[in-house]
1. Is segment 243-365 rounded, prolate or oblate when judged by the Cα gyration tensor, a ≥ b ≥ c being the square roots of its eigenvalues, rounded requiring a/c under 1.5 and prolate requiring a/b larger than b/c?
2. Take segment 242-286, drop everything but the C-alpha atoms, weight them equally and run the Debye formula without solvent; then report log10 I(q)/I(0) at 0.25 Å⁻¹ to two decimals.
3. Past 21 Å, Cα to Cα, is the threshold; run Lys184/Lys288; Lys296/Lys358; Lys184/Lys239; Lys271/Lys296; Lys174/Lys207 against it and keep the listed order.
4. FRET efficiency for Ala20 and Asp351, Cβ-Cβ distance as r, R0 = 22 Å, nearest 0.05?
5. Once R0 is set to 45 Å, what does the formula 1/(1 + (r/R0)^6) return for the Cβ-Cβ distance between Lys296 and Glu326, expressed as a FRET efficiency to the nearest 0.05?
6. Per-residue HN-Hα couplings for segment 310-317, Karplus 6.51 cos²θ - 1.76 cosθ + 1.60 at θ = phi - 60°, whole Hz, x for Gly and Pro?
7. Please turn the phi angles of segment 347-352 into ³J(HN,Hα) values with the Karplus equation 6.51 cos²θ - 1.76 cosθ + 1.60 (θ = phi - 60°), one per residue in order, whole Hz, x for glycine and proline.
8. Give the shape of segment 125-222 as rounded, prolate or oblate, defined through the alpha-carbon gyration tensor: a ≥ b ≥ c are the square roots of its eigenvalues, a/c under 1.5 means rounded, and otherwise the shape is prolate if a/b is larger than b/c and oblate if not.
Amino acid sequence: MLPFVNLSGQYRAYREEIDAAISEVLGSGFPVGGPAVETLEQLLAEDLGCGHVVTCASGTDALSLSLAALGLKPGDEVIVPDYTFVATAEAVAIAGGIPRFADVGNDFLISPNSVEALVSERTVGMIAVDLFGQCADYPVLCAIARRHGLWILEDAAQGIGSSQGGKFAGTFGKIAAASFYPTKPFGAYGDGGAVMTADKVLAERVKILASHGKSNGRYEFLGKNSRLDAVQAAVLLVKRKHLREEISRRNENAKIYDELFGDFPEISSPKIPSGNSCIYAQYPVCTKARDEIVQKISAAGVPTRIYYERPLSEEPCFAHLKTAREDSRRNENARRLSKESFCLPICAFTDASEVAAKIRTALSP
Ligand SMILES: *Cc1c(COP(=O)(O)O)cnc(C)c1O
């Protein structure tokens, strides 16, 4: 079986640079924080054009710290997509907030109409997810947010490097979260995350909360320990240099799959609207006969993943929320996608021509 994400192929390609960067950190006396972390924060802020970047221990922490900095209070409602990684909604619920689950469109992204229908007096904001590496519909979402006085937290865990209308993911909300988990398109060799914002006060608050709430020499707030270690920062500084190239290879791979599925009309492939540039964190396809097709493709040695097995509103961890059951009933598309979609390997070190040839043979009569 081929790897789903070819991390060892990527390491072989950058080995010298990565090994040198790691040794430098080990000899620097700054295992946590220090120059590598500071440089990464500065360069990312410049690359994305987002003002401030504050690194932390994971994408999940980036979401939690953002919600805390936004002042989320117990009982506040936050609208999230019903079809995303659990962390998006978990962060809201752990903070005592109530995640309200909006349906998604055929593009897997949060549906603005569904968001608007969920706005109540208790709604304080929404989390839009750049799922599978494509920006959500920000012009429409921002208009809804303005109309109702809501904030947007952009979950860009899968989106760093993608753009919409010339603006990079991580810059659309009042605040945004990134993940550097190894299999994300911009990944380290361990956990890591970052918060992006143009708002200096929010950035400062995140920084304080990530460091036990310490401000001006006193523990002003209840915070936590959430730091990026310097080895991960050094790895990310190397991978940053190759990110553009990797993104174009992901796009070339996507083109190969688009052509393949052009010949299999029962399988629908992603349509990226003009104005959006997608980084293909995943390449999701949909078909009514998913389980049978996945079985055939797997038998041919092509790994697949199902993201996600069910809408979040149906996960047991949200079963205590009465609203989750109500929301769930409306979210037909999220339910359908969880039954019909699966993802193919797409990273820059995947040979998509080889994968496509195997799939073609496996699916041909
Ligand atoms: C991966 C991911 C997260 C969480 O990131 P971690 O670094 O694994 O904590 C949050 N949201 C989405 C959409 C993700 O894909």
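1. Here segment 243-365 falls in the prolate category.
2. -0.94
3. From Lys184/Lys288; Lys296/Lys358; Lys184/Lys239; Lys271/Lys296; Lys174/Lys207, over 21 Å: Lys184/Lys288; Lys271/Lys296.
4. Working: r = 28 Å, r/R0 = 1.25.
Rounded to the nearest 0.05, the efficiency is 0.20.
5. Result of the calculation: an efficiency of 0.75.
6. Here the 3J(HN,Hα) series is 7, x, 4, 4, 9, 6, x, 5 Hz.
7. 5, 5, 10, 9, 8, 5
8. oblate
Every number here is computed from the coordinates shown, using simple stated rules; none is lab data. None of these values were measured; they are calculated from a predicted model. Cβ sites come from the backbone with ideal geometry, for glycine too, and all protein chains shown count toward neighbours.
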